[in-house]
Structures are given as structure tokens and as C-alpha cells.
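S.K.: This is the structure I have questions about; it appears just below.
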Amino acid sequence: MAEYEKPLPRAEDPALTQPFWDAARRHELVIPRCSKCNEYFWYPRQACPNCLQEDSKWTQVSGKASLHTFTVVRQAQNPAFSDDIPYAFAMVRLDEGVSMISNIVECEIPGDIAVDMRLEVVFDDATEDWTLVKFKPA
Ligand SMILES: [Zn+2]
């Protein structure tokens, strides 16, 4: 478990995203899925972006993904991440069809990462009550 001495940034609207964070704590990846049209969507929001219905359920997904794009961060903008540089700030495309921003970990940055590489989810227990969703090479 990583321990950060400086404040770790947290989500701005934990009420809307609380089921995501609760699942991450259990080391499960969940995303909203519309109860009417069955489309997954990300980011979390009140209405389905496909059909505008306000009836979605948090649904566990496979955690399998591909790397859509990334940049390598070499200067930490927040001191909480100083020990992590260089790190990969990435847009990951889940096999369920949605994209999310995350980090690529458990490999050499940047040498081991490339667009379209296969990934799988990992869970970083950053603090006692806060688990981050990240991805590693599959
Ligand atoms: Zn829908």
C-alpha cells in the first residue's frame, strides 16, 4: 500500500461517484449501464448519454482494456505524485466500449507502453479509505 505524506487529490463529486469508489475499495471495477438501452457510459452522470433516460445501474465490468493514448508525465504538478514520476497519464478504452482516464503501472515508463497494447485493471490502495483504479500490461 502506498502512503502519501502530502494531500492526495480526490474526486470533486463523491456523492455521484461513490459506488465507483466503494467498488474500487473491494477491488472491483464498476461503471454505469443504462437500464433502458443497455449502453455502458463513462463518466458517471444522471442521464444516459445515448437515450437520456435517468435509470442506470452500476455494473461490474471485465477490467480488460486497450491503451487508446497516453502522455508521459516527468514533472509532478502535485507533490503527492513526486515519487511516481515518470508516470503514464493515459486514456484507456475498456472492452465494454467506454474510455476512462487512468495511469499505466507495473511496467517501465515509457519503454514498455504503446498505443493499442492490451491492459488489465489493478487497484492501488492509496490510503486507508481510498483506492485508485489503474491499469497494467495484460
Ligand atoms: Zn440509455
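The values are calculated or read from the model by the stated rules, or taken from the named source; none is laboratory data. Predicted model, so just to flag it, every value in this text is computed and none were measured. Heads up, the Cβs are rebuilt from the backbone with ideal geometry, glycines too, and the neighbour counts pull from every protein chain shown. Ligands, DNA and RNA are stripped out before the accessible areas are found, and what is left, the full protein with its side chains, is counted by its heavy atoms. Shrake-Rupley method; radii C 1.70, N 1.55, O 1.52, S 1.80 Å.
S.K.: Distance from the Cα centre of region 10-59 to that of region 79-102, in angstrom?
M.R.: 19 Å
S.K.: What number does region 21-138 give for Rg over Rh if you use C-alpha atoms and the Kirkwood radius?
M.R.: Result for region 21-138 is an Rg/Rh of 1.00.
S.K.: Please go through region 13-74 and write out the trypsin sites (Lys or Arg not before Pro) that DSSP classes as loop and that have at most 16 other C-beta atoms within 10 Å.
M.R.: ARG26, LYS36, ARG45, ARG74
S.K.: Another question, if that's okay. Apply the Karplus curve 6.51 cos²θ - 1.76 cosθ + 1.60, θ = phi - 60°, to the phi angles in region 36-44 and return the couplings in whole Hz, x for Gly and Pro.
M.R.: With the stated coefficients, region 36-44 comes to 8, 9, 6, 6, 6, 8, 8, 7, x Hz.
S.K.: On to the next question. Roughly what angle does helix 14-25 make with the longest principal axis of the chain, taking Cα atoms, 0 to 90 degrees, to the nearest 10?
M.R.: 60 degrees
S.K.: Can you work out the accessible area per residue across the chain, with the rest of the protein chains kept in place, probe 1.4 Å, in square angstrom?
M.R.: Values: 8150 Å² over 138 residues.
That works out to 59 Å² per residue.
S.K.: Within the accessible area of region 30-138, what % is carbon and sulfur when the probe is 1.4 Å and the other protein chains stay in place?
M.R.: Here it works out to 44 percent.
S.K.: Just from its helices, what would the mean residue ellipticity at 222 nm be for the chain, if runs of 4 or more DSSP H residues each count -39500 (n - 2.57) and the sum is divided by every residue, rounded to the nearest 500 deg cm²/dmol?
M.R.: Calculated from helices alone, the mean residue ellipticity at 222 nm is -2500 deg cm²/dmol.
S.K.: In terms of modelled amide H atoms, which long-range or inter-chain residues lie less than 5 Å from the amide H of TYR87?
M.R.: VAL73
S.K.: In whole percent, what relative contact order does the chain give with Cα contacts below 8 Å and a gap of six or more residues?
M.R.: Normalised by residue count, the contact order of the chain is 24 percent.
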